[in-house]
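To start, the structure under review is shown below, and the notes come after it.
Bear in mind that the values in this text are calculations on the coordinates, not laboratory data. Just so it is clear, the structure is predicted and the values come from calculations on it, not from any experiment. Cβ sites come from the backbone with ideal geometry, for glycine too, and all protein chains shown count toward neighbours.
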Amino acid sequence: MSRSVKVAAAQLGPIGRSKSREAVVRRLIELMREAADWGVDVIVYPELALTTFFPRWAIEDEEEIDSWFEAEMPNAATQPLFEEAKRLGIGFHLGYAELAWQDGVKHRFNTAIIVDKAGGIVGKFRKIHIPGHNEVLDRPGQHLEKKYFEVGDLGFPVYQAFGATCGMAICNDRRWPETWRVMGLQGVEMVFCGYNTPVGLGDPYDLDALTLFHNQLSFQAGCYQNATWAVGVAKAGCEEGFNMIGQSMIVAPSGEVVAMCNTIEDELIVHKCDLGRSAEYKRDIFNFAYHRRPEHYGLIVERTGAGSPEK
Ligand code: CDV
């Protein structure tokens with residue numbers, strides 16, 4: 001019997017610094033209702049979907065920093081999203097800044113969750129590859145994720161949801177082959193990945209000019225080499241004077257892009273993903289057990305230690 005999951009990528013346009021969580025959740029619900037009209041099983045929202053991309057600013061006041069984080073999920077502001085999902089019988093994936101107390105110690109993570117059609121959280125992921133820097137740099141724009149987020153402590157787990165083996169990655173994670181391979185080795189069939197990818201912060205123009213290409217390349221390579229579907233979802237557009245790419249996309253295990261947003265605003269794209277496509281590639285060209293030969297790869301861990309940890 002063929003298995004499929006109907007997914008929606010719910011790209012968001014800019015969210016202003018002064019916008020409340022409640023106002024953002026109303027936008028998320030509008031997109032969720034549209035997805036439900038399409039008969040979607042799971043709608044995927046971007047990284048840090050509840051607020052503006054606050055790591056672009058250097059905030060020193062601890063209380064102010066905490067105000068960008070969610071200490072509970074769901075909470076009063078997001079409860080309506082969970083309730084609407086349950087009412088509509090649709091699952092979702094949501095990225096947000098998480099404040100977590102573990103053994104009496106406060107931690108801040110860049111987090112994403114999978115919520116099932118009954119409104120229950122069935123999976124959590126904390127971003128591993130935290131990009132950017134700790135200190136304010138002398139350039140037009142900042143990316144201070146290293147100041148605000150710890151490296152995720154949950155690894156790259158996979159979860160059974162919507163009849164598929166699902167995994168998550170957050171933004172910069174998509175650029176790293178290990179992200180995909182660790183989930184690939186667990187049989188992942190569908191990867192959800194939200195992102196906020198700015199341009200014009202002061203990187204050399206030749207890097208900025210390739211941002212869309214690298215976004216697409218990362219998703220297409222990750223999917224193909226690990227025989228998985230992926231839903232990549234942007235927060236896009238000009239947010240507080242800073243530009244972020246759109247190009248949200250759904251990618252097949254063949255590496256083909258089957259749907260892509262063509263705005264930098266709130267926009268929904270939908271695709272019915274045939275999990276049989278994943279199985280075909282896992283059975284043949286990327287049959288890891290049959291063809292993969294890690295025992296012949298050499299001492300790669302020792303050879304990759306070079307490089308400066310700080311920019
Ligand atoms: N939010 C991100 O992780 N952004 C990074 C940028 C800074 C390179 C990205 O990989 O898109």
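Here are the numbers for this structure:
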| read-out | value |
| --- | --- |
| Inverse of mean 1/r across different Cα pairs in the chain, Kirkwood, Å | 19.8 Å |
| Cα gyration tensor shape for the range 9-53, rounded if a/c is under 1.5, else prolate or oblate | prolate |
| Packing-based ranking, highest mean first, of 250-258, 115-123, 190-198 given that Cβ atoms within 10 Å are counted | 190-198, 250-258, 115-123 |
| Gyration tensor verdict on the range 68-189 (Cα atoms; rounded if a/c is under 1.5, prolate if a/b is larger than b/c, oblate otherwise) | oblate |
| DSSP beta bridge pairing in the chain, given as percent antiparallel to the nearest 5 | 65 percent |
| Residue 217-residue 83 FRET efficiency (beta carbon distance; Förster radius 30 Å; 0.05 resolution) | 0.20 |
| Distance from the range 1-46 to the range 178-256 (C-alpha centre basis), Å | 18 Å |
| Solvent-free Debye scattering, log10 I(q)/I(0), computed from the Cα coordinates of the range 52-113 at q = 0.22, 0.28, 0.29 Å⁻¹ | -0.99, -1.26, -1.30 |
| Cβ-defined net charge surrounding residue 79, 11 Å radius [Lys, Arg +1; Asp, Glu -1] | -2 |
| Computed [θ] at 222 nm, helices only, for the chain once each DSSP H run of length n ≥ 4 contributes -39500 (n - 2.57) | -7000 deg cm²/dmol |
| Of 117/282; 19/124; 6/117; 19/127; 6/86, those spanning more than 20 Å from alpha-carbon to alpha-carbon | 117/282; 19/124; 19/127 |
| Mean Cβ count within 10 Å, highest first, over the residues of peptides 94-104, 56-66, 236-246, 70-80 | 236-246, 94-104, 70-80, 56-66 |
| Intensity falloff of the range 133-176 expressed as log10 I(q)/I(0), Debye formula with alpha-carbon point scatterers, at q = 0.17, 0.24 Å⁻¹ | -0.67, -0.95 |
| Packing rank of 22-35, 200-213, where each peptide gets the mean count of other beta carbons within 10 Å, highest leading | 22-35, 200-213 |
| The range 101-259 shape via C-alpha gyration tensor axes, a/c threshold 1.5 | oblate |
